[in-house]
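Enquirer: Take this structure, written in structure tokens, and hold onto it; I'll ask about it next.
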Amino acid sequence: MLAVVELALLALLAQANLHERDAPGGCPAGTVADCSGDGDCCAESWLGDGWRDCEDQAFNCDLSCYADDDGDCTTKNNAGQPA
């Protein structure tokens, strides 16, 4: 039950931390452009944070074009298991 609550909270945080780009091709300080091309900006701190922000956008953000989310998309999944 706790894991479900944690995932729900993470999804809410992910949604709250998405920002629309201020200008074409630009994101606010502390954020990077989402790799999906949908116009979102994602927290720069999510790069290499141990959570898979990959093409499936499980957390509403695709950071796979940044060295596979600084390795998160190629090493382990969110449960700590090999990808």
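Enquirer: Quick one: which residues, 5+ away or cross-chain, put their amide H under 5 Å from the amide H of residue 31? H built at 1.01 Å from N.
Expert: The answer is 44.
Enquirer: Listing 68, 34 from the residue with the fewest other Cβ atoms within 10 Å to the one with the most, what is the order?
Expert: Least crowded to most crowded, the residues run 68, 34.
The numbers here are math on the coordinates, done by the rules we state, and not lab data. The model shown is predicted, which means the values in this text are computed figures rather than measured ones. We place every Cβ from the backbone using ideal geometry, glycine too, and count neighbours over all the protein chains shown.
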